[in-house]
Amino acid sequence: MRIDHEMKMLAEREGRARDTAVITERAALRQMTRAYAAIALLIATVALQVLAGYNPSLVEHYYSRGLYPYVAACLSFINRRVGFSIAEMLMILLAAGALWWLAVQVRRVLKRQIVWRDWVFITAVRLLVVVSVSALAFLLLWGLNYHRQPLAQNLELAQRAASADELEAISRAIIAEINRSYAEAARERDWQDHSRVPHDRAQLSQLIEEACRQEPLLKGLATASSAPPKPVMFSRLMTLFGLTGVYNPFTGEPNYNTEQPDFELPYTIAHEKAHQRGFAQEDEASFIAFLICLRSSDPYVRYSGYMHALGVLRRFGSALLRESLPITRYKAVYDQLGPGPRADLAASATFWQRHQGWLMTVGENVNDGYLKANRVAHGAASYSGVDGLIISYYLKHQNSSH
């Protein structure tokens, strides 16, 4: 009797195993169709990206100036009515949901409700579907802007190398504006170790938005009704990753790190709002941010913009070395920078060095990989391209008020 009972139990377990195998096999077969569809969608997305790269004029006309402003306006209509960062909240919910889903799936595997090899396969297919759909959505919602016509071409900026003398003149002009803006902003304010933003979040956002609408070079390029920038609750995490701001194309929100040094904040917001306006390339977004800050009626916003143009001074130093000219000329120009701006530069260097670590390295590598995936050849190094755009701008408008 005992042997009969054990044989019966064994037969029942084998039956359940066969039933499970049949169910899992059928589920896997259903996933095959999804896998083929996801692969086809991913190939189509990559093909669209490649074709866009070969046709920047079409992207500029039909997408960046045609479809995208409506996309940005629709997203802004939604997130303008929410005071917190929708993108950050979605990230939190997605992370929590992913952990819950993983726990449920592990429990199913441990209880042998599904064969683990089949589970791995089905999960891989689901991830493939998510990646393919997300990639296409990214491209249509914003990513095609990476392939629009170069901003220098649209603005007819000078396309030639500047001499050391020209770089010196531009550097002197920038430093003079830094000192002037700082003095005006610091009037009747007691700034000890470093400057501080003299506005609350709403005021600063309004100032930058007004400046964006006032910049004549952006006329016709910045038409989308944009939502305000959002502070990030987990700003410390952004700091550790070396991020001052980020634009989320799925929600249309400019997000910024609240911990960054004060003088960096206006420029960071302007940079993310440039992304929001459809300027995806990092050097172009930085250049747009520079123009926005300069157009502001507020001296502190202008100060932030000019401070981020000091890369031209480094270009001047490199030109002196390249042309075998006295490096003392560089020191003579740098010495004109006032003590207040120097204190801000020192405070910024101290802040970022204090948080230097492996997470910052990871953040830099991820950002570099992301940019290269979007066919930005130089990856994260493209940020420095803003110096060339600023120089070209000055070469063309050297007699302007800037």
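The values are calculated or read from the model by the stated rules, or taken from the named source; none is laboratory data. These numbers were taken from a predicted model, which means no experiment stands behind them. Ideal geometry is used to build each Cβ from the backbone, glycine not excepted, and the neighbour counts take in all protein chains shown. Calculation scope for accessible area: heavy atoms of the full protein, side chains included, ligands and nucleic acids excluded. Shrake-Rupley method; radii C 1.70, N 1.55, O 1.52, S 1.80 Å.
Modelled this way, with points 7 Å down the Cα-to-C-beta line, the labels at ASP193 and HIS61 are 5.6 nm from one another.
Over all other residues within a Cβ to Cβ distance under 12 Å of ILE288, the charged ones net out to -2, with Lys and Arg as +1 and Asp and Glu as -1. What the chain shows is 53 Å² of accessible area per residue, with the surface traced by a 1.4 Å probe over protein heavy atoms.
Packing, as the average of other Cβ atoms within 10 Å across residues, places the peptides 271-280, 42-51 in the order 271-280, 42-51, highest first. Taking amide H positions as modeled 1.01 Å from N, with prolines and chain starts lacking one, the residues under 5 Å from LYS230 and 5 or more places away or on another chain are ASN255, TYR256. Rounded to the nearest 10 square angstrom, PHE263 shows an accessible area of 10 square angstrom against a 1.4 Å probe. Heavy-atom accessible area for VAL366, with the other protein chains in place and a 1.4 Å probe, reaches approximately 90 Å².
Both radii were evaluated on the Cα set of the chain; the Rg over Rh quotient, with Rh as the Kirkwood radius, amounts to 1.11.
Quick one: ranking HIS194, HIS61 by accessible area, 1.4 Å probe, largest first, what do you get? Before the final figure, lay out the partial values.
On the way: HIS194 50, HIS61 115 Å².
Output order, biggest surface exposure first: HIS61, HIS194.
Relative to the longest principal axis of the Cα atoms of the chain, the long axis of helix 282-295 lies at roughly 40 degrees. Against the chain, whose longest principal axis is taken from its Cα atoms, helix 311-322 shows a tilt of about 70°. In a DSSP loop and with at most 14 other Cβ atoms within 10 Å, the chymotrypsin sites (Phe, Trp or Tyr not before Pro) in segment 27-124 are PHE84. Would you work out if segment 282-340 is rounded, prolate or oblate? Take a ≥ b ≥ c from the square roots of the eigenvalues of the alpha-carbon gyration tensor; rounded if a/c is under 1.5, else prolate when a/b is larger than b/c, oblate otherwise. Here segment 282-340 falls in the oblate category. Leaving out ligands, DNA and RNA, and with a 1.4 Å probe, what % of the accessible surface on segment 103-181 is carbon or sulfur? In segment 103-181, the share of accessible area belonging to carbon and sulfur is 62 percent.
How large a share of the accessible area of segment 29-69, in percent, is made up of carbon and sulfur atoms when the probe is 1.4 Å and the other protein chains stay in place? Summing carbon and sulfur atoms, their accessible area is 72 percent of the total for segment 29-69. Element breakdown for segment 271-326 at a 1.4 angstrom probe: carbon and sulfur atoms account for 46% of the accessible area. Axis of helix 385-396 versus longest Cα principal axis of the chain: the two differ by about 30°, to the nearest ten degrees. With the whole protein complex present, GLU60 retains an accessible surface near 10 Å², based on a 1.4 Å probe.
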